[in-house]
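Values quoted throughout were computed directly from the atomic coordinates according to the rules given, and no laboratory measurement underlies them. Values in this document were obtained by computation on a predicted structure and should not be read as measured data. Because the Cβ atoms are built from the backbone with ideal geometry, glycine has one as well, and the counts that use them run over all protein chains shown.
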Amino acid sequence: MINACQKIHFVLLISRQGKVRLTKWYSTYSKKERSKVLRELSGVILTRGPRLCNFVEWRGLKVVYKRYASLYFCMCIDPDGNELEILEIIHHYVEVLDRYFGSVCELDLIYNFHKAYYILDEILISGELQESSKRTVVRSVAAQDSLVEAAKEETGSTISNIIAHAAK
Amino acid sequence: MNPFSSGTRLRDMIRAIRACKTAAEERAVVRKECAAIRASINEDDQDYRHRNLAKLMFIQILGYPTHFGQMECLKLIASAGFPEKRIGYLGLMLLLDERQEVLMLVTNSLKQDLNHSNQYIVGLALCALGNICSAEMARDLAPEVERLLQFRDPNIRKKAALCSIRIIKKVPDLAENFINCAASLLKEKHHGVLITGVQLCADLCKVSSEALEYFRKKCTEGLVRTLRDIVNSPYSPEYDISGITDPYLHIRLLKLLRILGQGDADASDRMTDILAQVATKTESNKNAGNAILYECVETIMSIEDDGGLRVLAINILGKFLSNRDNNIRYVALNMLMRATTLDAQAVQRHRATILDCVKDSDASIRKRALELLYLLVNENNVKPLIKELIEYLEVSDQEFKGDLTAKICSLVEKFSLEKIWYIDQMLKVLSEAGNFVKDEVWHALIFVISNASDLHGYTVRALYRAFLTSTEQETLVRVAVWCIGEYGDMLVNNVGMLDIEDPITVTECDAVDAVEVAIKRHTSDLTTKAMALIALLKLSSRFPSYSERIKGIIVQNKGNLVLELQQRSIEFNRILQKHQKIRSALVERMPVLDEATFSGRRAGSLPTAISTSSGAPSNLPNGIAKPATAPIPDLLDLSSDDVPAPSSSGGDFPQDLLGVDLSPTLAPSGAGKPPKASTDVLLDLLSIGTSLPVQTGSSASDILSSSQDDKAPFANFNGLASLSSLSANATSPVNAAPMMDLLDGHGPGPQKPEENGQAYPSLVAYESSSLRVMFNFSKQPGSPQTTLIQATFTNLSSNVYNDFLFQAAVPKFLQLHLDPASSNTLPASGDGSITQNLKVTNSQHGKKSLVMRVRIAYKTNNKDVLEERQINNFPQNL
C-alpha cells in the first residue's frame, strides 16, 4: 500500500549547543517519550559532520534536518516520505520567518517564540502543508497581529493600564 | 492590570533564564517563576493570565512540568477577545495533547469559535482542532468542519481541509461525509486550498475504498489537467521555487495520481503522458526539481505501466546515484530498493556504484546502500561482493561493523556454495569483527565445521593461524578453542592437508599454549573459559604426554569464584586423576550433527537459550551428537526427545535438573547399557554444564532397566547426584567404585530373567528423610498390560502424619485406577504403614515403560506438607 500522507510527526528547533528552541508534536508522544526523542535526536544530529546528507534514520522513521546558522531545523517523517520535499518545507518556514522578522536570528526565536509558533501554525496543520505561498502566510500572521494590537489599544485607554504603564 | 504585582514580564523572565550559568541556577529561576504563576492562577488574576501562559509555554519548551497551567488555556479560549484566544489556543496545543481528559472541556468553546463571525477566530479553532483533536471531538465537531470546507475565505477552506484529514484519521467512518466536498476542492484555483484538497483526497482514499473508486472515476482527468497546467504555467513569483511553480503542489498531485493509478490500468493509462512530461522536462539542478522527480519516479513505479515509463524512472535514479549531492544519492538508494522488485536487472547495473556507497563516509548513505546491496546479491555475484564487503569490514567504522557483520554473515550463510568458501569467509569475519558476530552465527559455523569432515584439519589449522594473529575477537577465540579441542591431533599432525594450504608446524605444546592463552585472556567471558576447559580436557586425551601440564591449568580454576568454572575444573581434574580408563571414551570427538534437527532448532528457541546458559557452546553439539552414534535404538529415542531440552531449557530449569530427573538419566546409563552408550551419556552430562537434558517421563523410562542388584549402588549414587548437579565423575572414590562396577559389570544380561513378567522386584518409589514409599508389583494372569501396584507408605519421622493423601498422575498412554487407602493417618517412626492399591493399564505395553508423577500431602505438627516426585525407575515391561 502506498503511503499517501506526507505527515510530519514533529518539528524541532535545536541550537548548536543542544538547547531546544521550539517543539511541535503532530503525532501523540507522552512527555517521557518527548524528552527521550529530544535527547536522542540532538545527540545524533548535532554530532553529524558537515557535507553529509540531511537525513537520519531513527527508530524506523526518518528525520530530515537542516542547519541555518546556529539552529538545526528538524522534521520527522515516515520512512517512505519524500525527504527532499521536507527540505523544501523547512526552507519555506525559514524564509517566512526571515520575511516576518527581517533577517531572523536565534534571539528573535527565543524572545518571540510564540510568533515562531504562530507562523508554523500558518504553514502546517496536523503535520500537513497548508500554504505554499510565503506572502499569504506572512499576510495572515500580520493580520492577526494587528487584531491583537487593536485590542490592546482599546484596553490601553483604561485607567488601570495607564497606572500600569507608569509603574513599569 | 495590577500595578503592584511582583510578576516579571515574559521578556525579563527569558532574560533571567538565559543569564543562568548552571542548570541548577536555571532550575531555581524556573521554580520561582512557577511558584509566582501558581499563586497568580490561584488568585484567578485575569489580567496576568495571558502573560502567565506565555511564560509557561517557554518553561514547557525548556522541559519543565506545566500541567498546572492547562486550565488557564481553557479560560483564555473561553474569553471573548482575539488576543486571549490566540494565546489560549497556542497554549492548548503546546501544553496538552489528545490524551488529556481536560481536552474534552474545550469542545464547546471550539464549537462556538468554529461558528464565530471573526474568520481569524475560526482559523484559530480549526488549527487547534487539526493539531490535537481526539476521536470524540472529531465526532462532535465534524459537521462544523464539513460546513467550513465551503467557507467563503480560502484561508478557512484550506484549514478546514487539513482538519478534515485529522478527523477521518481519527474516525474513518466519517470519511464518506467528506468525499463530495473534497472533490469540489480539487477544482479550486487557490494553491493553498488545492494543496490541502488534494491531500484530503489522498487520505480519504486510504481510509475508504468508496472514496478511491469515486475519485478514480470522477477526478483522474481533472487532476491530470491540473498537473499539466501547473507544469506548463508561466513564471509566477508568489509560488516560484528555483524556476518551478509550486513544487509542493506538483508533489501532492503526483502522490494522489499514484494512489488512483495503482491497480487500475485505465487510470494509469490516462496519466502516462503527463508523467512522462514531468520525468523528462523537470529541471534537476535544484532540490525542488529533484523532489518532484523523486516523487514522479515513485508514482511511475507504483502504477500499472507497460515498462516504457519505468525505463525512464530507473534512468532518473541512475542519474541521481551519480549525483555529487549526498541527499540525492541517499534518495536514489532509497528508491532503488523499491525498484528491485520491479526490475532487478536494471538495478544490478548500478551495483558497482552502490558498493561504493556502502563505503561512503556518511552513515545514512552507508546504511541505505548496504540494505540495497543485500537485496542485489545472488549466486552469480556473491563471491566478489562478499570479498569486497569483508575487505571493507577491516576499515569500517566501529558503529557500522555490527550492521555490516550481520549482513555479511547472513549472505554467506544464504549463499554458501561450498563449505570451504563458507568456512573461509566466516573465519575472515570472525577475525575482523568477531565481537559483532551473533551467537547463532558462530553456532552455525561450528555446526558446518563439524559436518565437513574432510575440512576438519584445514579448518583447525586456519583457526589456529587466525588465533595467533588476533585474540581480540571473542567469537574467533571460541570457535578456535572448540576446534582445537576437537581436532587438536589434526592440527599437530597436519592431517587432511589441502593443496591450497601453507604448511604449518604446530607442536602439541603450541596447541595447549593456545588454549591456555584463551583461558587466561582477561577479556574471556564465562562461555569462552568454560569452552577452553573442555578443550583442555579433550587435549589431555589427544596428547597424553601433556596430561600433567593440562591438569595443572585445569586445577588453577578450582578456586574460581564462578561456580560453573570451579565445578568444571574440579570435575575434570577428577577425571584426569581417577578415571583414566574412561577418559578417552569421554572425550571422543563430537559426532556429526543432524542437519534437520539443527535447522529446526535454530528456527526455534535457540537464541534465548544461548544467551542464558553458560555451558551452551558445548551443549549445542553435545545435545545433538547422540543420534548419529548411539548404538541402541532406545537411546536414540531418548536422544531425539532430548534434543530440544538442552537448547531450550538452558539454565532455566536447574531445579528440575538437580532433583529427580537427573537420577534416572544416570541410573540406566550406568546399569543397563554397554559402556559405549553410557559414556556417551556421561559425556553429555560433563560438558553441558548445568543444562542437563530435562527428561520427559516417557522417554526417560525407555531406557530404564532395574534389577535388584543395581539398587544399592543407585541409591548411593543418586544421593550424590542430587548434591552436585552433574557429578557423574566427581563422585568421591567411595562412590566411584560402585559406579565403575556398574559400568563394567552389567550388560543387558541381568535383567533378562525378569522380562518374563512373573515376579517383579519391589521398588522404593520414593524416599525422603520423612517418608518412604514402596511399590510391589503383580500382574493378573491373561492381561499383561495391566499391573497391580501395592503402595506402602512408611513414616520415617517421629511425628504422626494426619490427613495423609496420595495422588498420582500418568501420561496419556497409561490408565490409572486408584483404590482407597487403608487409612489416612500414618503412625510415627515406621510404627505401622498405610497401603493403597493402584491399577495401571499400559496401552503401549512392551514399547514403553511405566512412568508416574506422585504427590503426597499430609499434616504433621499442624503443618501442611506437600511432596512431589516423578517416578521413572519402574521395572521394564510392566
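Listing for the model above:
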{"read-out": "Point-to-point label distance, residue B:595-residue B:349, nm (Cα→Cβ direction, 7 Å offset)", "value": "3.9 nm"}
{"read-out": "Euclidean distance of C-alpha centroids, region B:233-291 and region A:121-144, integer Å", "value": "23 Å"}
{"read-out": "Relative contact order (%) - criterion: Cα under 8 Å, at least six apart; region: region A:26-143", "value": "16 percent"}
{"read-out": "Distance violations [Cα-Cα > 30 Å] among A:134/B:286; A:19/B:367; B:111/B:187; B:319/B:387; A:19/B:438; A:62/B:206", "value": "A:19/B:438"}
{"read-out": "Cα-based Rg / Dmax (Å) for region B:115-197", "value": "11.6, 33"}
{"read-out": "Relative intensity, log₁₀ I(q)/I(0), of region B:29-110 from a Debye sum that treats every alpha carbon as a point, q = 0.12, 0.23 Å⁻¹", "value": "-0.30, -1.11"}
{"read-out": "Cα-only radius of gyration and Dmax that characterise region B:771-878, units Å", "value": "14.7, 47"}
{"read-out": "Angle between chain A longest axis and helix A:83-101 axis [Cα atoms, degrees, rounded to 10]", "value": "20 degrees"}
{"read-out": "Reciprocal mean inverse distance between Cα atoms of chain A - Kirkwood radius, Å", "value": "17.5 Å"}
{"read-out": "Averaged over A:48-59, number of beta-carbon atoms from partner chains that fall within 10 Å", "value": "5"}
{"read-out": "Among B:790, B:840, B:862 the positive-end extreme of the charge dipole of region B:760-871 (Cβ point charges)", "value": "B:840"}
{"read-out": "Anchor residue B:848: aspartates and glutamates whose Cα lies under 17 Å away (excluding residues fewer than 8 positions away in-chain)", "value": "B:634, B:637, B:641, B:642, B:702, B:754, B:755"}
{"read-out": "Simple spin-label estimate for residue B:807 and residue B:107 in nanometres, 7 Å along Cα-Cβ", "value": "5.3 nm"}
{"read-out": "Förster radius 60 Å - calculated FRET efficiency between residue B:381 and residue B:147, Cβ distance, rounded to 0.05", "value": "0.50"}
{"read-out": "In range of the label at residue B:388: residues from region B:345-359 whose backbone nitrogen is under 13 Å from the point 7 Å along Cα→Cβ", "value": "B:348-359"}
{"read-out": "Rounded Å value of the spacing that divides the Cα centres of region A:64-105 and region B:805-833", "value": "80 Å"}
{"read-out": "Qualifying lysines (Cα of each under 25 Å from Cα of residue B:538; at least 8 residues distant if same chain)", "value": "B:520, B:529, B:551, B:558, B:578, B:581, B:626, B:673, B:676"}
{"read-out": "Hydrodynamic radius by Kirkwood, which averages 1/r over all alpha carbon pairs of region B:260-415, in angstrom", "value": "16.5 Å"}
{"read-out": "Fraction of the pair-distance distribution of region B:449-532 above 15 Å, Cα-Cα pairs, percent", "value": "51 percent"}
{"read-out": "Principal axis dimensions, largest first and in whole angstrom, of region B:411-602 by Cα", "value": "47, 34, 33"}
{"read-out": "Spin-label model distance (nm) - residue B:454 vs residue B:417, 7 Å beyond Cα toward Cβ", "value": "1.7 nm"}
{"read-out": "Region B:425-472 and region B:121-187: distance between their alpha carbon centers, rounded to Å", "value": "62 Å"}
{"read-out": "Region B:760-871 - percent relative contact order, Cα under 8 Å, separation 6 or more", "value": "26 percent"}
{"read-out": "Positive dipole terminus of region B:760-871, leading residue within B:810, B:821, B:776 (C-beta point charges)", "value": "B:810"}
{"read-out": "As computed over region B:143-236, the Cα convex hull volume per residue (Å³)", "value": "84 Å³"}
{"read-out": "Proximal aspartates and glutamates relative to residue B:414, as straight alpha-carbon distance under 13 Å, when same-chain residues fewer than 8 apart are discounted", "value": "B:379"}
